[in-house]
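Worksheet for the structure shown next.
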Amino acid sequence: MADSADLVATPRVENPIDEHTVAKNPDVEQQKEEGESKSQSRSRSQILDIQEEPLAFEDAPDGGVKAWLVAAGGSAIFFCCLGFANSFGTFEQYYLTHQLKKRSPDAIAWIGSLSVYMQFASGMFGGPLFDRFGAAVIRPAAILHLLCVMLLSLCDKYWQVMLVQGVLMGIAMGCLQIPAIAAVSQHFDKKRAAALGVVVSGSSVGGIVIPIALSRMLNSSNLGFGWSVRITGFLMMPFMLFSCIVVKARLPSRATNFWIPAAYQDAKFLLLIASLFFVFIGMFTPLFFIPTYAIARDMNATLAGYLLAILNAASTFGRIIPGILADKYGRLNLYALGAISTGVIIFCMNSAVSNTALIVYSVAFGFGSGTIISGASAAFSVCPKSQQDIGTYMGMGLAISALGGLIGPPMNGAFISKFGGFFEVSMLSGAVCLLGGFVALATKLATPEGFPGKV
């Protein structure tokens, strides 16, 4: 009798697969690797998608003591920076008759135009630095700016003035103004254009006080150039100190790439850059040359120096009122309207021939052009997807647009030297500024709201 153990059938496994054999099989190995590769690729793409999504933050307060203190600090920065730059017409008139009298108007205009360019171009670094390190970037820039003012008081040669007022001061301004705009943009959303109008109006107040003070000290006193400029520097010190204390970032620092090259793939962003480039070519003509033009029309030198103060007083209202309207009717709409109206006003510059007409013209140009800087800043602020990138976007955009401010005034000075008048330069500047306004209108076609939208 067979043993019971022998009666238990042993299961047979046909075609047994050896694990070692599977590992050695190249087809199975390849399929396994392809599966793992696809899985890793999906994981990486999911991670990138998560990283590319803008972080969610609390809504901007749009008011309150802290937010408005930041705006006040930004206004103080613009008082000392763009307000000083807006006074270059007073400097140019003095240079032409004193230490740089052997230089042509276009050669001296290069100083102011380089300063304008550098204060926006250096935002290419100032904006990203603010996004990475917050308001800490403002303090060393404030010290550099005050140091440059004091150094300017010692300059008596062309290359010295070019280096200090054109290059170093422009760099310091860029590392102050762009971070100030970015800080205010973080604290305001629905009221952003109005808040930026308040900030940039500081340059208008500076453009009132500084030209009047300089004109009085340079033309109606025995202080001389050195002490006149030094007193202006002492005037700026408390404003700079105040801004260093109150201007702060609301959002945490951004730790990604220093620049955002993908921004230049946004049609809206590129059109805004092109628009402001053309506007910058034309808009600085009255700011640089209206005192010289007024003297050519037999106006007293001291009164001619006051024209810049009158112009900047009018631009105070031109920055604040359109800013309030921009939050209601569209930031891009108001910026485009300001650029077009400024171009039309520049066309009329050579028609102002009497003292009264020159004063009225200064008021009209001041109000119209007041919209441009604050309006463009508000328009740029709608481009980034994340509020943390506002400083970087503004710096990257204004750095290219500022090339218009670099080439415009010297080109206009060359026109004045060649033709001996201001008709040709007013026609050229008005036309180019008008073109910038129409490009701003075309920018609306690249927005989801389209051309009729309140954007």
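With (1) within 25 Å of Glu92 (Cβ to Cβ); (2) in a helix (DSSP H, G or I); (3) open to solvent by 70 Å² or more (accessible area, probe 1.4 Å) as the list, and Ile321 as the residue in question, which single condition is left unmet?
(1)
Any residue at all in region 246-264 that's out of contact with any strand residue (DSSP E or B) (no Cβ under 6 Å at 6 or more places or on another chain), in a helix (DSSP H, G or I) and at pLDDT 90 or above?
Yes: region 246-264 contains one or more residues that are out of contact with any strand residue (DSSP E or B) (no Cβ under 6 Å at 6 or more places or on another chain), in a helix (DSSP H, G or I) and at pLDDT 90 or above.
Inspect all residues belonging to region 98-107 and state whether any of them is surrounded by fewer than 24 Cβ atoms within 10 Å (Cβ to Cβ), assigned to a helix (DSSP H, G or I) and among the small types (Gly, Ala, Ser).
Looking for residues that are surrounded by fewer than 24 Cβ atoms within 10 Å (Cβ to Cβ), assigned to a helix (DSSP H, G or I) and among the small types (Gly, Ala, Ser), one finds at least one in region 98-107, hence yes.
Being open to solvent by less than 30 Å² (accessible area, probe 1.4 Å), under 22 Å from Leu271 (Cβ atoms) and basic (Lys, Arg) narrows it down to one of Lys385, Lys444, Lys454, so name that one.
Being open to solvent by less than 30 Å² (accessible area, probe 1.4 Å), under 22 Å from Leu271 (Cβ atoms) and basic (Lys, Arg) holds for just one of Lys385, Lys444, Lys454, which is Lys444.
Which count do you get for residues in region 327-363 that are in contact with a Cys (Cβ under 8 Å, 6 or more places away or on another chain), hydrophobic (A, V, I, L, M, F, W, C) and farther than 24 Å from Thr447 by Cβ?
Here the count works out to 1.
State all residues of region 343-353 that are touching a residue at least 12 places away in the same chain (Cβ under 8 Å) and open to solvent by 50 Å² or more (accessible area, probe 1.4 Å); if no residue qualifies, say none.
Hits for region 343-353 are Val344, Phe347, Cys348, Val353.
Out of region 303-318, which residues are open to solvent by 40 Å² or more (accessible area, probe 1.4 Å), modelled with pLDDT of 85 or more and not aliphatic (A, V, I, L, M)?
The one that is open to solvent by 40 Å² or more (accessible area, probe 1.4 Å), modelled with pLDDT of 85 or more and not aliphatic (A, V, I, L, M): Phe317.
Yes/no per residue for (1) open to solvent by 60 Å² or more (accessible area, probe 1.4 Å); (2) under 30 Å from Leu445 (Cα atoms):
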position: Leu218; (1), (2): no, no
position: Arg230; (1), (2): no, no
position: Leu270; (1), (2): yes, yes
position: Phe284; (1), (2): no, yes
position: Ile290; (1), (2): no, no
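In the set Thr371, Thr356, which member is without any contact (Cβ under 8 Å) to a residue 60 or more places away in the chain, assigned to a helix (DSSP H, G or I) and open to solvent by 50 Å² or more (accessible area, probe 1.4 Å)?
So the residue among Thr371, Thr356 that is without any contact (Cβ under 8 Å) to a residue 60 or more places away in the chain, assigned to a helix (DSSP H, G or I) and open to solvent by 50 Å² or more (accessible area, probe 1.4 Å) is Thr356.
Being under 24 Å from Arg319 (Cβ atoms) and not small (Gly, Ala, Ser) is the filter here, so list the residues in region 166-182 that pass it.
Scanning region 166-182 gives Met169, Met173, Cys175, Leu176, Gln177, Ile178, Pro179, Ile181.
Of the residues that make up region 425-447, is at least one without any contact (Cβ under 8 Å) to a residue 12 or more places away in the chain and among the aliphatic types (A, V, I, L, M)?
Yes, region 425-447 contains a residue that is without any contact (Cβ under 8 Å) to a residue 12 or more places away in the chain and among the aliphatic types (A, V, I, L, M).
Do we have any residue at all in region 184-195 that's without any contact (Cβ under 8 Å) to a residue 40 or more places away in the chain, out of contact with any Pro (no Cβ under 7 Å at 6 or more places or on another chain) and not in a helix (DSSP H, G or I)?
Checked region 184-195: no residue is without any contact (Cβ under 8 Å) to a residue 40 or more places away in the chain, out of contact with any Pro (no Cβ under 7 Å at 6 or more places or on another chain) and not in a helix (DSSP H, G or I).
Taking the options Gly174, Gly166, Gly112, name whichever one is within 15 Å of the chain's Cα centre (by Cα) and either open to solvent by less than 10 Å² (accessible area, probe 1.4 Å) or over 29 Å from Ile416 (Cα atoms) (or both).
Exactly one of Gly174, Gly166, Gly112 is within 15 Å of the chain's Cα centre (by Cα) and either open to solvent by less than 10 Å² (accessible area, probe 1.4 Å) or over 29 Å from Ile416 (Cα atoms) (or both), namely Gly174.
Out of Gly338, Gly413, I need the residue that is open to solvent by less than 10 Å² (accessible area, probe 1.4 Å), over 12 Å from Thr285 (Cα atoms) and either in a helix (DSSP H, G or I) or at pLDDT 80 or above (or both). Which one?
Gly338
The values are calculated or read from the model by the stated rules, or taken from the named source; none is laboratory data. This one's a predicted model, so the numbers in the text were calculated from it and none came from an experiment. Note that each Cβ is placed from the backbone with ideal geometry, even for glycine, and that neighbours are counted across all protein chains shown. The area values use the complete protein model at the heavy-atom level, side chains included, leaving out ligands, DNA and RNA. Shrake-Rupley method; radii C 1.70, N 1.55, O 1.52, S 1.80 Å.
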